[in-house]
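Everything on this sheet refers to the single structure shown next.
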Amino acid sequence: MMPGLWFDQFEIGQTFRHEIRRTVTDMDNMLFSSLTFNPAPIHIDHAYAATTEFGRPLINSLFTLGLVIGLSVQDTTFGTTVANLGMSETVFPAPVFAGDTIRAETSVLALRPSTSRPGQGIVTFAHTGFNQRDEPVCKTRRAALMLPRPTP
């Protein structure tokens, strides 16, 4: 049995407050920026970042997006998703810094059977990431192609 939910187990309006949280580190930011070839000094250069309005490096926003979605996987799609189909309406309302602890909440916005993959379905999720002060730091909508519950 998979810990994720099958397509037919989701309901519109269903909300998940994910238990797993994660504190972000300087190393996360440096490694992610390096692995994605992003040399922006606002992420990797402490001396430069000290001269900006933030006074310290910003965590790479794509790392934040990946983390927020990743925090949702255990409760929603672990082992039951076929593929991510896309993200939309992604915003970063507040910066994330090393030392911030991120948590996530997910709501189910829409469900529909797949027209190209009989038996499978598309779930549209709204993911929101919050820092330790409960300020939203990332919001996105994600469409995922989901497996149906196996027949016995």
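Before moving on, here are some points about what is shown:
- Among residues of the stretch 20-43, those that are farther than 15 Å from VAL96 by Cβ and among the β-branched types (Val, Ile, Thr), counted: 2
- The conditions of being surrounded by fewer than 19 Cβ atoms within 10 Å (Cβ to Cβ) and assigned to a helix (DSSP H, G or I) are not met by GLN132.
- Residue in the stretch 110-118 that is open to solvent by less than 60 Å² (accessible area, probe 1.4 Å) and not in a loop (DSSP other than H, G, I, E, B) present: yes
- Which numbered condition GLN74 misses (of (1) open to solvent by less than 60 Å² (accessible area, probe 1.4 Å); (2) assigned to a helix (DSSP H, G or I)): (1)
- Whichever residue in the stretch 85-107 is of a type in the set (A, V, I, L, M, F, W, C) and assigned to a strand (DSSP E or B) and, among such residues, is surrounded by the fewest Cβ atoms within 10 Å (Cβ to Cβ): VAL91
- In the set (1) within 19 Å of the chain's Cα centre (by Cα); (2) part of a helix (DSSP H, G or I); (3) of a type in the set (Phe, Trp, Tyr), PHE16 fails one condition alone, (2).
- Being in contact (Cβ under 8 Å) with a residue 12 or more places away in the chain and under 30 Å from ILE44 (Cα atoms) is a description that applies to PHE97.
- Taking the listed residues VAL82, VAL123, the one that is open to solvent by less than 20 Å² (accessible area, probe 1.4 Å) and of a type in the set (A, V, I, L, M) is VAL123, with no other qualifying.
- Subset of the stretch 19-45 (residues that are among the aliphatic types (A, V, I, L, M), exposed (fewer than 14 other Cβ atoms within 10 Å of the Cβ) and assigned to a loop (DSSP other than H, G, I, E, B)): ILE20, ALA40
- Taking the numbered list (1) at positive phi; (2) surrounded by 13 or more Cβ atoms within 10 Å (Cβ to Cβ) in turn, TYR48 passes all entries but (1).
- For the stretch 9-37, a tally of residues being among the hydroxyl-bearing types (Ser, Thr, Tyr) and in contact (Cβ under 8 Å) with a residue 60 or more places away in the chain returns 3.
The values are calculated or read from the model by the stated rules, or taken from the named source; none is laboratory data. Everything numeric in this text was worked out from a predicted model, so none of it was measured. Here the Cβ is made from the backbone with ideal geometry for all residues, glycine too, and neighbour counts use every protein chain on show. The protein model used for the area step is the full one, side chains on, heavy atoms only, and it has no ligands, DNA or RNA in it. Shrake-Rupley method; radii C 1.70, N 1.55, O 1.52, S 1.80 Å.
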